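Peer 1: Supplied in structure tokens, the structure appears directly below.
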Amino acid sequence: MLLTPKQVNCQCGHTFISNRNRSWCERCANAVYYYEKDKNKAKMNNWYITGVIVAVMSFLTYVFVELIATPLMSL
């Protein structure tokens, strides 16, 4: 989806014209967003995915300890 061209600034200080929701900085290869709310959504999405991965790994560790390791230790 093309938007009206807008000058956007990257965190590294590079300024360029963008007409898409998300572009990539040519200097540092970071994502640069057309709207600030999209940047916040991407950040919250990263936290959500990280939380889900941690929860799944914690559950798998619990299952391993309770169902596999504990019975083997009692033999």
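The values are calculated or read from the model by the stated rules, or taken from the named source; none is laboratory data. Everything quoted here is computed from the prediction, not taken from an experiment. So basically every Cβ, Gly included, is an ideal-geometry build from the backbone, and we count neighbours across all protein chains shown.
Peer 1: Filter the strands (runs of 3 or more DSSP E) completely within segment 1-47 down to those with at least 3 residues that are without any contact (Cβ under 8 Å) to a residue 60 or more places away in the chain and over 17 Å from the mean Cα position of the chain (by Cα).
Peer 2: Details: elements: 6-9, 15-18, 22-24, 31-33.
The qualifying strands (runs of 3 or more DSSP E) are 6-9, 15-18.
Peer 1: If you don't mind, there's one more thing I want to ask. With respect to THR70, is the statement that it is of a type in the set (S, T, N, Q), modelled with pLDDT of 95 or more, more than 22 Å from the chain's Cα centre (by Cα) and not in a strand (DSSP E or B) true?
Peer 2: no
Peer 1: If we scan segment 67-75, do we find a residue that is of a type outside the set (Gly, Ala, Ser) and surrounded by 11 or more Cβ atoms within 10 Å (Cβ to Cβ)?
Peer 2: No: segment 67-75 contains no residue that is of a type outside the set (Gly, Ala, Ser) and surrounded by 11 or more Cβ atoms within 10 Å (Cβ to Cβ).
Peer 1: ALA29 is checked against (1) assigned by TED's automatic domain parsing to the domain that holds LEU2; (2) over 29 Å from LEU2 (Cβ atoms) and fails just one. What number does that condition carry?
Peer 2: Among (1) assigned by TED's automatic domain parsing to the domain that holds LEU2; (2) over 29 Å from LEU2 (Cβ atoms), the lone unmet condition for ALA29 is (2).
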